[in-house]
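Structure first, commentary second.
The values are calculated or read from the model by the stated rules, or taken from the named source; none is laboratory data. Keep in mind the model is a prediction, meaning the values are calculated, not measured. Methodologically, a virtual Cβ is constructed for each residue, glycine included, from the backbone with ideal geometry; neighbour enumeration extends over all protein chains shown. Protein only, heavy atoms only, side chains kept; ligands, DNA and RNA dropped before computing areas. Shrake-Rupley method; radii C 1.70, N 1.55, O 1.52, S 1.80 Å.
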Amino acid sequence: MHHFAYKNGSLHCEEVNLSDIAEAYGTPTFVYSKRTILEDLDEFKHAFAAIDAHIAFAVKACSNGAILQLMAQRGCGFDIVSGGELWRVIRAGGNPALCTYAGVAKTEPEIRYAISSGIYCFICESENELREIDRIAAEMGSVAPVAVRVNPNVDAHTHKYITTGTNENKFGIDISRIESLYADIATQMHHLRIRGLQMHIGSQLTEVTPFVMAVEKVAPIVARFKETYGIEFWSIGGGIGIVYDGCLDSGKKEWWDSHPEQITIKSYAKALIPLLKPLGLRILLEPGRRLVGNAAVMLTRCIYEKKGEAKTFKMIDAGMNDIIRPALYEGFHEIHPVREHPAGELIVADVVGPICESGDFQAQNRSLPDVKPGELLAEMSAGAYGFSMSSNYNSRPLAAEVLVDGSSFSLIRRRQTLESLVSDEVLPNS
Ligand code: LLP
């Protein structure tokens, strides 16, 4: 459940009217609800209380320092995939000793940085990489903690760009080869210490079955590795899906009561705990989207409208550089006017941005109230892979970010200035 709802005819985040935020900081602006994030963290904690489970928040979903700080203060660890993410976590007060470092192409400087920072574990994705970390650790006079990402070859039934656990994907090591690889690490790579095993089958999974299938498939290997190598953890990855279509209504309990099929933290935990508990080791969870996705909206303003022969367009001041999900994955995000319109009066329109690309839309053929130029809109479910995937394409400054806490709000990222847009560029001969 999230805390975005209409109150007195205007869309609010917790107790704050979104139009007040737009007035203070302009648009486009990402607005996060602290209460939503904290409640979801609590839900994870309670749902998994029966086992030794820990959260490693997937930083790639949302890497703003204020959000990372919130997670760190609640004792979370972090799933990182670059030296840059590790740096951000440390800057926000996160503990490197609670960081797992995944990714298929870690570079030598990144590996050195992670070893010297004392991360909890490398999550390795190829034999090549393991040998490289072994070599670097030896040079540094160190022993690097490692786990390998096993690819269980389970279809996650999600978009093809975010399926990761089949043997068609670049991620991990095939399940058929994992045992011989661990034997090689143990016998040949003397500067590595086997600490655990990891898997992640995909993102935005809307049912628990693929998770159950993957856990059932890999659990016997985990048990053998515990016996043989004394591994202390199994990370089962992230991937719990959120509500995109129906997002606004899902802020109410009644919506959940009438959608029992929707995956929840509880149903995920309930299905997996019986399979995980007998293993008797630390379980890491790597949620990204589930912790922040429904906890934010992107505030944008409609600036023009145009009626063509075939379509009506509403032009907004946010583009695919701000949220790329519709263009890249045909991602669906609900769009609601901040000022509440009377129920029932809808038109069909495309909501498009200022970028010079036909792919620059946030919604196509969407039923929505007939919003007029000047009106504020909120694009829902924008907290995960929203700002973190944004870019400067078309020389558009990055959006602002705001964190709401009850009836107050604070800026957690200033809107980028034109000066900072070019601050790393070098003009020859000047
Ligand atoms: N762990 C690993 C190893 C991952 O690769 C990912 C996401 C996660 C955890 C977190 O998954 P989550 O709980 O957020 O589903 N940009 C795409 C999603 C890419 C996900 C990449 N890996 C999107 O906007 O849908």
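Values computed for the structure shown
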{"item": "Shape metrics for segment 34-293, restricted to C-alpha atoms - Rg then Dmax, Å", "result": "17.8, 59"}
{"item": "Karplus (6.51, -1.76, 1.60) ³J(HN,Hα), θ = phi - 60°, over segment 263-280, in Hz, Gly and Pro reported as x", "result": "4, 10, 4, 5, 5, 5, 5, 4, 6, 8, 4, x, 7, 8, 4, x, 6, x"}
{"item": "1.4 Å probe accessible area per residue over the chain, in Å²", "result": "43"}
{"item": "Rounded, prolate or oblate (a/c below 1.5 giving rounded, otherwise prolate when a/b exceeds b/c) for segment 230-355 by Cα gyration tensor", "result": "prolate"}
{"item": "Cα gyration tensor shape for segment 292-430, rounded if a/c is under 1.5, else prolate or oblate", "result": "oblate"}
{"item": "Relative contact order (%) - segment 249-342, alpha-carbon pairs under 8 angstrom, separation at least six", "result": "11"}
{"item": "Ranked order, S258, S391, S10 - accessible area, probe 1.4 Å, largest first", "result": "S258, S391, S10"}
{"item": "Relative intensity, log₁₀ I(q)/I(0), of segment 355-430 from a Debye sum that treats every alpha carbon as a point, q = 0.15 Å⁻¹", "result": "-0.81"}
{"item": "Filter on K253/K277; K106/K226; K306/K372; K60/K226; K45/K277; K45/K217 - keep pairs with C-alpha separation over 18 Å", "result": "K253/K277; K106/K226; K60/K226; K45/K217"}
{"item": "Sequence ranges 133-140, 232-239, 105-112, ranked by mean other-Cβ count within 10 angstrom, highest first", "result": "232-239, 133-140, 105-112"}
{"item": "Under 16 Å from the Cα of K34 - lysines, other chains or at least 8 residues apart", "result": "none"}
{"item": "Share of carbon and sulfur in the accessible heavy-atom surface of segment 34-293 [1.4 Å probe, %]", "result": "51"}
{"item": "Mean Cα-pair separation over length for segment 34-293, i.e. relative contact order, pairs under 8 Å, 6 or more apart, %", "result": "22"}
{"item": "Burial ranking of peptide ranges 373-380, 195-202 (average Cβ count within 10 Å, highest at the top)", "result": "195-202, 373-380"}
{"item": "Ranked order, D370, D360 - accessible area, probe 1.4 Å, largest first", "result": "D370, D360"}
{"item": "Dipole magnitude of the chain, debye to nearest 20 (Cβ charges: Lys/Arg +1, Asp/Glu -1, about Cα centre)", "result": "640"}
{"item": "Spatial separation of Cα centroids for segment 235-278 and segment 340-357, in angstrom", "result": "30"}
{"item": "Sorted peptide list for 282-295, 69-82, 206-219, 407-420, criterion being average Cβ within 10 angstrom, highest first", "result": "282-295, 69-82, 206-219, 407-420"}
{"item": "Accessible-area order (highest first, 1.4 angstrom probe) of the listed residues K372, K170", "result": "K170, K372"}
{"item": "Charge tally in the Cβ shell below 11 Å around F44, where Lys, Arg are +1 and Asp, Glu are -1, F44 excluded", "result": "0"}
